[in-house]
Structures are given as structure tokens and as C-alpha cells.
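For reference, the structure discussed in these notes is given below.
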Number of protein chains: 2
Amino acid sequence: MQTHMTQNASRIHSNEIAAYVGERVQVQGWVHTLRLLGGVNFLVLRDGRGTVQAVTEDEANLAPLVEPALQPETVITLEGVVVASDQAPGGFELHQPTIEVITPVTEPLPVLISKKEIKASLTNLLDHAVTVNRHPRRQAIFRLAAAAIGAFRAHLNQRGFIEIQTPKIVASATEGGANVFAIDYFGRPAYLAQSPQFYKQIMVGVFESVYEVGPVFRAEPHDTARHINEYVSLDVEFGFIRDHFTVMAVLRDVLTAIFSAMEETCAGELAMLNAHMPVLPDTVPMIDFTAAQALILERHGVDVRGEPDLSPQDERWLGEWASAKYGSDFLFVVGYPMSKRPFYTHPDPERPLYSNSFDLLFGGVELVTGGQRLHRYADYLAALKRADMPVEPFASYLEAFRYGMPPHGGFAIGLERLLMQLLGGTNLRLTTLFPRDMGRLTP
Amino acid sequence: MQTHMTQNASRIHSNEIAAYVGERVQVQGWVHTLRLLGGVNFLVLRDGRGTVQAVTEDEANLAPLVEPALQPETVITLEGVVVASDQAPGGFELHQPTIEVITPVTEPLPVLISKKEIKASLTNLLDHAVTVNRHPRRQAIFRLAAAAIGAFRAHLNQRGFIEIQTPKIVASATEGGANVFAIDYFGRPAYLAQSPQFYKQIMVGVFESVYEVGPVFRAEPHDTARHINEYVSLDVEFGFIRDHFTVMAVLRDVLTAIFSAMEETCAGELAMLNAHMPVLPDTVPMIDFTAAQALILERHGVDVRGEPDLSPQDERWLGEWASAKYGSDFLFVVGYPMSKRPFYTHPDPERPLYSNSFDLLFGGVELVTGGQRLHRYADYLAALKRADMPVEPFASYLEAFRYGMPPHGGFAIGLERLLMQLLGGTNLRLTTLFPRDMGRLTP
């Protein structure tokens, strides 16, 4: 049936059957559902690309699955004649099926994945992610993730950015100091990188414009729906900018590219997940941090002026305002106080207590943080001194600035959060293949 | 000069000047070299895409770099008129230059990066990778890396593979047991993933055909030119295979795609690095493990029969043989003894002590390991028992097989090693941006 050095040449995939009407074809995959209704019997096979239905009035055709009774997820080869049918999901189905079992499943599944909705507690669902991620809706989420990453890269490649891979094991708990995982590195202490921040800045000195897609690790001891301890960060950094507005313009283009690609390549997935593309205007509305606080006082009677940061409630209110006033699902907040931003943040030259930084809110939730960074060596030395931080652990990082760096900036998009907001989800774990939280290290 | 929300619109890049002959253009970048020869003076500017030379007989044009004397790597804006010139590197240069300093560099560089060759000890070179990676030859290596990864993804996307991101923090030191880095995970022990092996197999149950590009972590206590402790792995896994030969066919196609893309998009980089594309025949030569040992005895008089694995010397000899006999830089060795392969390896059904696995040698060095995996739940239980390994730590992994997995297999390519072999390098650290070894955690 198969030839040496090739995959099974006669096999087609579920999404290809429309091209074979009237022909007998072979598909391979998992038994998604089997319904023996006496008169007519339905078998739905799921492969890596979708599902296909086989129909037969002759239960004997399905005998390999019935005697002995095999369970869903049994892996089979299915052959049948492709017939166009208005009633079939997708418009085509297989008739006169024959079945060969490749891998039988004899135990019932821990979580039923054959229904349209997954009915399980969050714990059960996460405990059995190995099985649950086979559900078409779960598949759809991670197809969207792949599409988002693909579009992110394609857009940046087109702009001349270079993809980089930077180390995840680092010598010191640099950026914030807290919330890092410690490693035993051949008897020496080391840490997991909280972000590729330092390395992507260093690489601006090499390639000028860089990006990275990779894991980041945050040892934040918070057990909430919004926290996971390992996630995928889409990081961008580039040089020869004017200020943070240059960075915001690139971010907007990147997000547009991501959403366009999803619409173009994942229409089925979006429909299955009842997801609608958000409104991302050509000019994303923008509000200054202090103006945002004043707005909150004016609209909600809550005085948050003087607070050094926005609370999640503040962000929700601002998101509602942007939606009502501009019809936009996105809002830039700019000019955060320097006091709450990391030491490498570039101040606003005209208001040194405020920064050339931004957050991008999506549906009233922070999706992206970014801004302009310091680029002069002397400014770094002063910033570290001001923050009462030692210079020595930063020696390699500082080398980049000592030997010539242009004005530069960048941002980081959290992949799982982007998906969560897009899909109207409420728990970050559900847009992560195999989430890590304070209590979860498996699967 | 710049407008709100856009990058500097009037700036062009060094690789674009040919389109502007006769026009005055603006470039921005780093002072790569400055040669004041009295009569004629040469300034080479490097930006993220290459270099461009400015020439002037009037030293006053270069005054911002001369009074006070600034060092190489000073960041500047350079304007000049594009002139075609046979003597200019690349065929074009800038005349009548004017210079504006963006970021001055006042200290001499720790390692000179303006010469064609980098002259520095390995230690010095690695200590100052932040600066050294700006050297055009270093840039070229990592442009090749980006091209390789891009081609890897593009080829697999075209075949319907889905890109995944799997967790790097894992609950148990699963695969081999030894050589894992331990993490303090909120007071519990956890480990850094040695490979995405288990997760990519699990995801075959979801998407059938998957790949991942990500970091892997090996706590191998070996301080050699061939060991680094964190590297980039290009992982592939897919289902509905016949056996390991199906996997080898896909691997060959993937490598062909990678080398083709390098030739197409990185001709300049390859030339700069004196690199030649290796010979990868349509049908890669292949030898069975036991036949390979017999061949070594016959050709070199060394009896390695009975050894459970090939030594580096054995691999070099086999590589020489493949080159001499088949003119191929690549050689598949198949049928390794089960005893030296991980527990999930699928045996050769006809010779159960040997495996459906392979290594791919490139220039006599192992580049890729792969093979067919077990896919039946009962086979996993038996394999773990045989290896005297407990079942419980593998519960989630085993769930994939308990609930239906097709015959499947895959492989992993080490990115840094691919580049090292391609470039005829001798130390893996030199094809890694910021290598990690037993003694090195910075930069």
C-alpha cells in the first residue's frame, strides 16, 4: 500500500475530498464519532486538517469498529466514494465505506471530545489537555496561534527585520530583580530569562531591526485567571526611531498583519470559535497617562490621580471609553510615570518624570508593553545609579551602549493573551497548549 | 526630519543605494571604518543590511568624526550623492558626504571588528560577543541561521504541518534521566526540557504533523568544542508513516529546502564566509549500523563490531566513505541497536534488537537523530517495564497513546551544528549568538 521512502501516496486529507467527487478515496485519522442509528449509520473521521463523514446503511461496513466495540479516538484507515450532499457537514461525504483499524482504543476517554462543546471542569480539562486538545475547538485555537506567529514573522521579514534566538538561561536576575526562576547551573546559580529584553536590545547593535518568538518565564506567585508562569512572547526591537511613536506605528502594522492573516487563512476556525475580528483603526486612539487618570475621575468619580500605574479596573474603564468614543477595540496609553517603568526606559525629554513608553489595551486589558529605551551609555550608568542597582551584573548589556547604539525601542506581545482577548476568553490557561501555573507542571 | 508616527521616511538602507545613482541620499548606521589618507578619505558606514562607502577629498566633510576624534561604532547619519564606481565595494559609493553624529563612541573597542578577519582569542571573542557579533562575518552566520529557520518552517507549512510551542519547564527529568537542569518551581523541583520530544509526539494526536523551533537545555558536563548547554532545536514529528524511511524522506526534503533558501537569499553571506553548499543527493546514501561496523573493520582494520553505538571516529570514517563512494556529504546510518536508543524508539519488526531509527551524518558528524516511535499503549508499558522505569511520571505522555496514536516518527536538527558543519567550523560556540557552556553564562 505504501512505497519505500514515501508517505502513503494514495491517502488524501479530509479537507481535500471535494476534488474527488465520484472517486473512491482513502483517508486516515481518528474516529471522532460513530452513531449507529439502525437505518443509517454515521462515522466521522478526524485527521490533522478537519473531519469527514462517512454514511452507510449497511452496519457491516462498520464492523471493525463494532465487533469488538472500539472507543472513539481509534485510529483507522477509511475508504469510500466521495458524494456531494447538502446534508453533509462541508457538503461532501463518503459512501460505501470500508474500514481498517490501525490503532484500537479500548478504554473510554477521560473527557468526551466528540460533542460541539467540551463539557468538563477547568481542572479536568487542563489535566487531560493531551486528549482535550484534540477537540476541533481546541485545535482551532492553536491553528490561530500558528497563523498569528506566521503573520508576525512574515510582516517583520518583509520590513527587513532579522529573526533571532537568544539564551533563556541567564546569569543574573536582571530586569526587575524579583519573580525569576532559579536554576542550578553546574553548581552555580543561574536564572530563566523573564524576557529577551537585554538581548534584543544588544542585537539592535548588530542587525538594527530584530524579532524573536520564544518562551519567557515569570515566577509570579499569583494564582489568577490572568497569570501563567511560562508563555510565548513575540518580541520586537529596532533602531533609528524618533521616539515611542515610531514603535507604536510598527506595532499597529504588526497587529493588522496578524488579524488579516487570521481572517484570510482561518475563517473556519474563527467561525467555529464564534470569534469576530476586533476593530483596529488605522490611527489607533491614544491617551496620555495623566489625561487617562483625569478621565477616570470625570467619568467614574474615582480619583486615581497620583497613582503611578493603572489598575485593571482603570484599564477596563479606558477600554470602554475608547470603544464608545472611537469605536476602537484598542487604545494606546502613553507617557507612564518613569517610577513604574524599568530602568532602561527612555524619559520624555520634555517631562523627565514621565516616559516615552506605552501600553496597548485590547478590550480594556493590557496586551502589549513597549516604548523607547535609553541608548546612551552615560544615561544607563545614571539610571542604574538612580535605581541603586550595581553596574557589574550588567557589564555585557552595557557593552552594547558603550560602543554605539542608535535611538531604539520595541515591544512584546503575549501570544496567549492576544488569543484570549480575541476569543473573548476568561482564562489564559485556555489559550495555552500545556499551561504552567503555580500548581501545574503537567501535562 | 522625521514625521509623527513614522520612521525616518527619507532614510534609505545601504543595500538600496544602487537605485539612487545621481541622487543625494541619507543613510544611518555605525562607523565601520574611517581612513584619513590625506589625499582621499574613506568612511565605511554599516547599517542593519550591509555597508556603504563614502569618499571625499575634503577632510572637513568628516570633521564631526575627527574633532574630537571619535571611535569606530559611532552612530551617525550620513548624506551623500550616489555615484557608480568600479572601485567601490558593491559598485556604488557616496560623494560629497555630510555627517551628523547620533551617538558618539569615545572609547576604543574591546575587539577590533573593522578588519575582514576577526583577530581575537576564542575567549575574548565570546566575552565580547555583544560587540563582535556586529562584524559582517558574524552577521552573515546569523543571517544564514534566520534563513535556515525560515526555510524549515516554509517547507513544513507547505506540507500542512502546524507550528507548536511546548513548555520548557517540565515536571520530571524524563527522557534520559540524567543531564537535566533543575529549577526551583515555587518550592517544588522541576526541570528544563531536554527536548520537546514528548510534547511533539502528543501533538501528533492533535494535528498529525507538527514542528517546533525552540531552545533545548542539556546539562551535559562536557567542556568540548562540540558541546553547548542550550541550543536551538528544529523539531519535527508526524503521523501515518510506514516506518523510519518515511521520516528520512521528509528530512531530506527539509534539508534541501534549507540549503536552497540559503543559496537563493544569502549568496553574499555564503561568499563572505567562503561557504559552499554541501552535496545532498536526491537519494541520500544509507548504510545499516551493523554493515557500517563491518565496513570500518574492512577499511580501517578496527573491530568495533559489538559496540552499541558509533564513536565520533567511526562517524568520520563513514563520512569519508560516503564522500568517496557516493560523492555525498550526507550519510544515513539506520538500524541502531535498541539498547542505546530511548525507550520510545520503535524496534525493527524483523530484528527486535535493532531499531527503526537513524542518524544523519553531515561531513562525518551526526547532525540529525530521528526514527519511528512506539505508538501502541501496551508497547509503552512494556518498554518502560523493560527499562525498569516507573509509569507514573509518564502518565500524561502515555495518555496520548492510551487514546489512539498512529504510527509516527520525527527528527530533530541542531541549528548551531548545522551551521557549524556548513561553514566548516570547529567550535559550536561560534555558530551561537550567545553560547552557554559549563563556564559561560554571559553575555
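Helix by helix through chain B, keep the DSSP H runs that span 18 Å or more along the axis on Cα and average at least 0.5 on Kyte-Doolittle, and give those back in order.
Details: long enough: B:136-158 (32 Å, 0.05); B:244-265 (31 Å, 0.84); B:312-326 (20 Å, -1.39).
Going by DSSP H runs, the hits are B:244-265.
With the crude spin-label approximation of a point 7 Å out along Cα→Cβ, what separation in nm comes out for A:Gln71 versus A:Thr33?
Those two pseudo-labels are separated by 1.9 nm.
If each of B:Asp388 and A:Val302 carries a label point 7 Å out from its Cα toward its Cβ, how far apart are those two points in nm?
Rounded to a tenth, the inter-label distance reads 6.2 nm.
Under the Kirkwood approximation for Rh and a Cα-based Rg, what ratio Rg/Rh is obtained for segment A:235-311?
Values: Rg = 17.4 Å, Rh = 15.7 Å.
Taking Rg over the Kirkwood Rh, I get 1.11.
Which of the aspartates and glutamates could a cross-linker bridge to B:Lys116, judged by Cα under 16 Å and excluding same-chain residues fewer than eight apart?
B:Glu73, B:Glu269
Contact order normalised by length for chain A, with contacts defined as Cα pairs under 8 Å and 6 or more residues apart; what percent is it?
Details: 834 pairs, mean separation 56.9, N = 443.
Reported relative contact order: 13 percent.
Mind checking the alpha-carbon convex hull of segment B:114-216 and giving the volume per residue in Å³?
Values: hull volume 15.3 nm³, N = 103.
About 149 Å³ per residue, rounded to a whole number.
Find the Cα radius of gyration of segment A:336-381, compare it with 2.2 N^0.38 Å by division, and give the number to two decimals. Could the numbers behind the result be given before it?
Working: Rg = 11.6 Å, N = 46, 2.2 N^0.38 = 9.4 Å.
Ratio of Rg to 2.2 N^0.38 Å for segment A:336-381: 1.23.
Percent of Cα-Cα pairs per 5 Å bin, from 0 to the last occupied bin, for segment A:1-150, please list those.
2, 9, 17, 20, 19, 16, 10, 5, 1, 0
Hey, what number do you get for the protein assembly as shown at 222 nm if only DSSP H runs of n ≥ 4 count, each worth -39500 (n - 2.57), divided across all residues, to the nearest 500?
Numbers: 24 runs with 258 residues, N = 886.
Computed ellipticity for the protein assembly as shown at 222 nm equals -9000 deg cm²/dmol.
D for segment A:14-103, whole µm²/s, Stokes-Einstein with Kirkwood Rh over alpha-carbon pairs at 10 °C and 1.306 mPa s: what number?
Stokes-Einstein gives a translational diffusion coefficient of 125 µm²/s.
Taking the Kirkwood radius as the inverse of the mean 1/r across Cα pairs, report the Rg/Rh of chain A. Present the calculation step by step, with values, prior to reporting the outcome.
Values: Rg = 26.3 Å, Rh = 24.9 Å.
Across chain A, the Cα-based Rg/Rh ratio is 1.06.
Who wins for biggest fluctuation among B:Gly364, B:Gly187, B:Gly214 in a Gaussian network model of chain B, springs between alpha carbons below 10 Å?
B:Gly187
Please compute the volume of the convex hull spanned by the alpha-carbon atoms of the protein assembly as shown and report it per residue in Å³. Mind showing how you got there, number by number?
On the way: hull volume 165.7 nm³, N = 886.
Residue-normalised Cα hull volume stands at 187 Å³.
Go through A:75-81, B:303-309, A:323-329, B:224-230 and give me the packing order, highest mean Cβ count within 10 Å leading. Don't skip to the end; give the middle numbers.
Working: A:75-81: 21.3, B:303-309: 12.3, A:323-329: 15.3, B:224-230: 17.9.
Top to bottom by mean Cβ count within 10 Å: A:75-81, B:224-230, A:323-329, B:303-309.
Hey, which lysines would be in cross-link range of B:Lys200, C-alpha to C-alpha under 16 Å, not counting anything within fewer than 8 residues on its own chain?
B:Lys168
Are there GluC sites (Glu not before Pro) in segment B:108-210 that DSSP puts in a loop and that have at most 16 other Cβ atoms within 10 Å, and which ones? Let's see the in-between values first.
Values: sites: B:Glu117, B:Glu163, B:Glu175, B:Glu208; in loops: B:Glu117, B:Glu175, B:Glu208.
Here the sparse-neighbourhood loop sites are B:Glu117.
Can you tell me the alpha carbon radius of gyration of segment A:59-112 divided by the globular rule-of-thumb value 2.2 N^0.38 Å? If you can, show how the numbers build up before the last one.
Numbers: Rg = 13.0 Å, N = 54, 2.2 N^0.38 = 10.0 Å.
Cα-based Rg divided by the globular estimate yields 1.30.
Can you give me the P(r) profile for segment B:311-361? Cα pairs, bins 10 angstrom wide beginning at 0, each as a whole percent.
The percentages, shortest bin first, are 26, 41, 29, 4.
Would you compute the Debye intensity of segment B:255-353 from its alpha-carbon atoms alone, equal scatterers and no solvent, and pass along log10 I(q)/I(0) at q = 0.16, 0.20 Å⁻¹ to two decimals?
-0.82, -1.02
Which whole-number percent of Cα pairs in segment A:61-192 have a distance greater than 27 Å?
Counting every Cα pair in segment A:61-192, those more than 27 Å apart make up 57 percent.
No lab work stands behind these numbers, since they all come straight from the coordinates. The structure presented is a predicted model; accordingly, all values stated were derived computationally and were not measured. Backbone-built Cβ (ideal geometry, glycine too); neighbour counts: all protein chains shown.
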